[in-house]
Amino acid sequence: MEHISIALRPVILSALTHIARAEATSVDALIASAIRADLDRRGAGRIDAARRRAEAAPPTEPLRHRLGDLLARAQGWGEVQAGLHAKGYRLTLREGRVMVLEAQTQSVVAALADIMRDETALTCRFGISFADWVALRSARLATVSRGAAEQGGLIGPAERAG
């Protein structure tokens, strides 16, 4: 058994001594018992929290297996989206996170970070984050749509000037 020294303020030592006498034990037994109880509580809390997360989270291993090649070989977010679409999924942003959706139902399947374990690897490889790619793509689509509308005569001279 290891021994340690603990420096306690007099008021705390007095309170522990009072409790130890009332419970017919020693101060060191009281402290050891409190530490054991705290360690048990903390250990059980971590195990319970991990179990709850595992039960609540959708299983990502099958997705990781099904999408791994696509994510490993893709050269850009557009290629990822196209590959996911072919497999019945798509990416979207939700509360700042990149989420994988089931394309038909639009239901969240998993966070991309849960599937990849290191989502930032794609950002580094592609040179742009998914959020920035979405914003850039939206700006390009808006420009193309405006140009198409002008060519189709849907935007007149007044709208072009403004």
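Values in this text are rule-based calculations from the coordinates and carry no lab data. For clarity, every value in this text was computed on a predicted model and none was experimentally measured. Reconstructed Cβ throughout: ideal geometry from the backbone, glycine too, with neighbour counts over all protein chains shown.
Here is how the numbers come out for the structure above:
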{"read-out": "Distance in nm between pseudo-label sites at ASP132 and SER14 (7 Å out along the Cβ direction from Cα)", "value": "6.2 nm"}
{"read-out": "15 Å beta-carbon shell around LEU70, net charge (K/R +1, D/E -1)", "value": "+3"}
{"read-out": "Globularity ratio of region 61-145, using Cα Rg and 2.2 N^0.38 Å", "value": "1.05"}
{"read-out": "Hz values of 3J(HN,Hα) by residue in region 83-100 - Karplus curve (6.51, -1.76, 1.60), Gly and Pro given as x", "value": "x, 5, 4, 5, 9, x, 10, 7, 9, 8, 9, 9, 6, x, 10, 7, 10, 9"}
